[in-house]
Amino acid sequence: MKAYSLIKETVLRKTSIRVVHLSWFAVYPAIFLIPWPPETWQWGPFLFGWSGCLLPLLLSEGIFGDDIASGRIRMLVTEPIRPAELYLYRFLGLSLQAAAHFLAVGTLILLLHRLTGRGSIGHFALWVLASWLVFNTWAALSTSLSVVLKRSNNSMLLFLATVIAFVLLNLLTHFFPRSMVVEAIRQTVRYVGPPVEFLGQTALGRFSLLQGVGCIVHSLLLAALYAAAGIILLGRREFKGATD
């Protein structure tokens, strides 16, 4: 009962969450009105980038930061509950609603494709799986940041940091293409950051079965690592009320 209540509370904690889901659903049919050349439109990469990478930032805004800043976190921990349980139930609330979202959106896309014939759905099942997996890694990282950042700053910081890191790495690679230091930084970000590249290549079918399974395991391990860091941080926080 405690798990169900916290997962439900995570899904319903903000009106904006329902607005995000509904507006996201409206985007897909609207795209069919845009006169894209049929041979250039790929539903899988769009789903991966749009929902897999951007949706977790909106759904995880202030997931802990709002409650800690307002003092509401003290109400959530009045019953005996360990930080690990609180964190995991909140994260499950994000992951489960993402799974439902991707299943619903995937069904909608397949229906629209069936009715209109527009857009490619090659490797679509892999794209849906990859989108959900990359969602989980972004959501775990964003949720852990929310433990230490007030209000909804976790999502904005993660978004800006990702954009800045991407721009800087591209500039460094352009100006120092043979630098071993730059290559070391690139590889570190590649393996330690959310595995967007690996999961994208897996969904495109460019990896063997063994490599694809390795990428999936890698993404799950990263989500677990980000979550473990958040659990440790949550366990060390002191919740003093609205001025915290």
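Which of the residues belonging to the range 125-144 are in contact (Cβ under 8 Å) with a residue 60 or more places away in the chain, more than 16 Å from Thr162 (Cα to Cα) and among the aliphatic types (A, V, I, L, M)?
Leu126, Val128, Leu129, Ala130, Leu133
Identify, please: which residue in the range 6-52 is among the polar types (S, T, N, Q) and not in a helix (DSSP H, G or I) and is, among those, surrounded by the most Cβ atoms within 10 Å (Cβ to Cβ)?
Gln42
List, please: which pairs have Cβ atoms under 6 Å, are six or more places apart or on different chains, and start with a residue in the range 16-35 that is closer than 12 Å to Leu108 by Cα and end with one that is surrounded by 14 or more Cβ atoms within 10 Å (Cβ to Cβ) and acidic (Asp, Glu)?
Close Cβ pairs satisfying both conditions: none exist.
Step by step: first the residues of the range 145-180, then only those that are touching a residue at least 40 places away in the same chain (Cβ under 8 Å) and β-branched (Val, Ile, Thr), then the one that is surrounded by the most Cβ atoms within 10 Å (Cβ to Cβ). Which residue is that?
Selected residue: Val147.
When only residues in the range 170-220 that are assigned to a loop (DSSP other than H, G, I, E, B) and within 23 Å of Pro56 (Cβ to Cβ) count, which is farthest from the chain's Cα centre (by Cα)? Let's see the steps before the verdict.
Quick first cut of the range 170-220, residues assigned to a loop (DSSP other than H, G, I, E, B) only: 176-179, 193-195, 204-208.
With within 23 Å of Pro56 (Cβ to Cβ) added as a condition, the list becomes 193-195, 204.
Values: Gly193: 12, Pro194: 9, Pro195: 11, Leu204: 19 Å.
So, considering only residues that are assigned to a loop (DSSP other than H, G, I, E, B) and within 23 Å of Pro56 (Cβ to Cβ), the one farthest from the chain's Cα centre (by Cα) is Leu204.
Looking for whichever is in contact with a helix residue (DSSP H, G or I) (Cβ under 9 Å, 6 or more places away or on another chain) and either loosely packed, with under 14 Cβ neighbours inside 10 Å or assigned to a strand (DSSP E or B) (or both) here; the options are Leu103, Leu55. Which one fits?
Exactly one residue qualifies, and that residue is Leu103.
Of the residues Ile109, Ile121, which single one is surrounded by fewer than 20 Cβ atoms within 10 Å (Cβ to Cβ), among the β-branched types (Val, Ile, Thr), under 30 Å from Gln211 (Cβ atoms) and touching a Gly at 6+ places or on another chain (Cβ under 9 Å)?
After applying the criteria, what remains is Ile121.
Any chance the range 61-75 includes a residue that's at pLDDT below 85 and farther than 21 Å from Lys8 by Cβ?
Yes, that holds for at least one residue.
Of the residues Arg118, Arg151, which is charged (D, E, K, R) and closer than 24 Å to Ile231 by Cα?
Arg151
Output the residues belonging to the range 1-17 that are at pLDDT below 90 and within 11 Å of Gln97 (Cα to Cα).
Of everything in the range 1-17, those that are at pLDDT below 90 and within 11 Å of Gln97 (Cα to Cα) turn out to be Ile7, Lys8, Thr10, Val11, Leu12.
For the range 97-116, what are the residues that are without any contact (Cβ under 8 Å) to a residue 12 or more places away in the chain and not hydrophobic (A, V, I, L, M, F, W, C)?
Thr107, Arg114
The values are calculated or read from the model by the stated rules, or taken from the named source; none is laboratory data. Everything numeric in this text was worked out from a predicted model, so none of it was measured. So basically every Cβ, Gly included, is an ideal-geometry build from the backbone, and we count neighbours across all protein chains shown.
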